[in-house]
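Engineer: Provided herewith is a single structure, encoded as structure tokens, for subsequent inquiry.
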Amino acid sequence: MTSGQECGQVQASESEVSALDDKDSSSSKDEESAQENNLDTDEADLNEPNEDLKMKEELPLHCVESEVNTHRHCERCKIPQNQHEQVAPRKLSRGRFWLKLDDEGIYQCAITGLIFEVTKAAVIEYSLLSWTKYAAYLKDPWIVVGPIFDVKCKSPSVLTSIQFPHALCLNDHSSDVTFNVFHFKSNGPEFERSADHSTTHVKWRVSSLSPVGPVIEKYDPVCYHGVVILYKVVNDHPSLKFHVYVAGNNSSFIKDVSKTIQRSSNRFIKIEKPPCHKLLQVGKKYKLTSVPEADINPEEMEFVDDSTLAQKHFFEVYLEHPTELVLSLMDVESEETVWKAKLRECDWILHNQNNNKQKRSTNSTRRRKSSTSLSEDELCNKRLKAINASDGTKASAVLTDQQLMILAKKMGKNWKVIGIECLSLSIEDIQQIEAKEEDVNMYKCMMLRKWRDSEQNNGTARSLYDCLNGQASHDVLETLTGFLRADAKS
């Protein structure tokens, strides 16, 4: 792929993940696997989604097709033709997917690239997760080589294997590389040996269902199929400013970047460009150049996989006077260009217009949606938004110890997982809390208090709701909503 392609060209994996994130900008519901599995007791949800979920529009076909063949541009990889039946899942709320398979066989999800092997008819629900939640467990020599997913199945024994897409270019080293699968269970992580691998996927024999993703032990050289993720800062200044992220073609990483952008105090527009046409090698330094010349910070950057880092590294590009420009990513040592793209004014103007149309369409759909068809979590979110809209300033009181104890009593057995995944506590923090001879509710309360104290003035019900939403039980979220409602009335 070259930089001379037409405006509006879509980069496969980036645009697909961006589409997923439009449904997941306000919560981390997809990280729900560490909770007690509610799917087995919610047969209606697994067997058939609500009518309003059926009405959700499918992803564009050009994105669906290209997402699966993420390495098609690589001349070194021998990419097998589609050997499995392609199936399009239904999109549920909060970035989840629902797939009904009518018979035994091997099926490939047209959106995520996941490949499922089932022995008979099955219903599978799955979602894309973030590796940042598991950073404490992924120390050297382990490195991430693909996205992590949470997969659930009504009858787990029916699902015999899952193949996960990976971002490595194996070239001539296919037989030399040993893939493992990071499997996060209720009692902690396990690194399980893969059953097989190809140039695009890692096959895993299902042992139990919880967060799973492909990893390897570091070897030299580790080469990734790369992507460059571009965002333009939107403000009233005539100058141009861009954030440029360089990464392996890993959907979890791309989703993390999208969430970072959504939570920023700045406004951004995403610019779609083709992926890298050369490989990215771990440990090599790369520099970003611009024609015409621009202020670029930093001047160069060593490529490492940032999947487990909460803060992703990026280049900032600044031009005082707006103009079309050509960006190039170069290997510092060899001066070889690994990526190049021309940025035109239409890249961000047309994108902005399309976003406005999409928002209008989404708003009209929401107006037609009956509140009776909303899930409990969606109703909770709706009430919360109404409270904030009525009086946002009053709903900002710091949580009291009494309120924290009320919440603690409503939390389930997965409170330690919530502390690590949602509240940014370390394993050592949890161990220190449990070292005190108290009952379990006191442990939970102490955990919440540690989070509140670390947040200082931001230790509010609203902030805790944002951290827990999708991971904690509906009862906990409803209690937090009640706290906000009481604050708003006071």
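No value in this document is a laboratory result; all are computed from the given coordinates. Quantities reported herein were computed from a predicted structural model and do not represent experimental measurements. Methodologically, a virtual Cβ is constructed for each residue, glycine included, from the backbone with ideal geometry; neighbour enumeration extends over all protein chains shown.
Engineer: Rank these for me by crowding, MET405, MET446, going from fewest to most other beta carbons within 10 Å.
Structural biologist: MET405, MET446
Engineer: Further question: As a footprinting exposure proxy, order TRP204, TRP142 by other Cβ within 10 Å, with the fewest listed first.
Structural biologist: Arranged by neighbour count, lowest to highest, TRP204, TRP142 become TRP142, TRP204.
Engineer: At a 10 Å Cβ-Cβ cut-off, how would you order MET411, MET442, fewest neighbours first?
Structural biologist: MET442, MET411
Engineer: Then there is this: What is the Cα centroid distance between the range 219-275 and the range 426-490, reported in whole angstrom?
Structural biologist: Cα centres, the range 219-275 to the range 426-490: 32 Å.
Engineer: Something else now. Convert each backbone phi in the range 162-169 into a coupling constant with the Karplus relation 6.51 cos²θ - 1.76 cosθ + 1.60 (shift: θ = phi - 60°), then list the ³J(HN,Hα) values in order as whole Hz, x for Gly and Pro.
Structural biologist: These are the phi-based 3J(HN,Hα) values: 10, 10, 9, x, 10, 9, 7, 9 Hz.
Engineer: Right, next: Where the convex hull is taken over the Cα atoms of the range 259-328, what is its projected area averaged over directions, in nm²?
Structural biologist: Projected over every direction and averaged, the Cα hull of the range 259-328 covers 6.0 nm².
Engineer: Please work out how much length the chain gains when fully extended from LYS409 to ASP236, using 0.36 nm per residue of separation minus the C-alpha to C-alpha distance, in nm with one decimal.
Structural biologist: Extra length from LYS409 to ASP236 when fully extended: 57.4 nm.
Engineer: Could you list which residues have their amide H under 5 Å from that of LEU129, counting only those 5 or more apart in sequence or on another chain, with H placed in the peptide plane?
Structural biologist: ILE148, PHE149, ASP150
Engineer: Let me ask another. Tell me the trypsin sites (Lys or Arg not before Pro) within the range 112-141 that lie in a loop according to DSSP and have at most 16 other beta-carbon atoms within 10 Å.
Structural biologist: Within the range 112-141, the qualifying trypsin sites (Lys or Arg not before Pro) (loop, at most 16 other Cβ atoms within 10 Å) are LYS120, LYS139.
Engineer: Stretch GLU85-GLU434 to full length: gain in nm at 0.36 nm per residue minus the Cα-Cα span?
Structural biologist: 120.7 nm
Engineer: Viscosity 1.567 mPa s, temperature 4 °C: what is the translational diffusion coefficient of the range 224-350 from Stokes-Einstein with a Kirkwood Rh over Cα pairs, rounded to a whole number of µm²/s?
Structural biologist: Translational D for this selection: 87 µm²/s.
Engineer: Further, regarding this structure: Need one number: nm distance between label points at GLU316 and GLU335, each 7 Å from Cα along Cα→Cβ, rounded to one decimal.
Structural biologist: Each label point is offset 7 Å from its Cα along the Cβ direction, giving 3.0 nm.
Engineer: Next question. Quick one: net charge around GLU104, please, counting Lys, Arg +1 and Asp, Glu -1 for every other residue with C-beta under 11 Å from its C-beta.
Structural biologist: With Lys, Arg at +1 and Asp, Glu at -1, the neighbours total -2.
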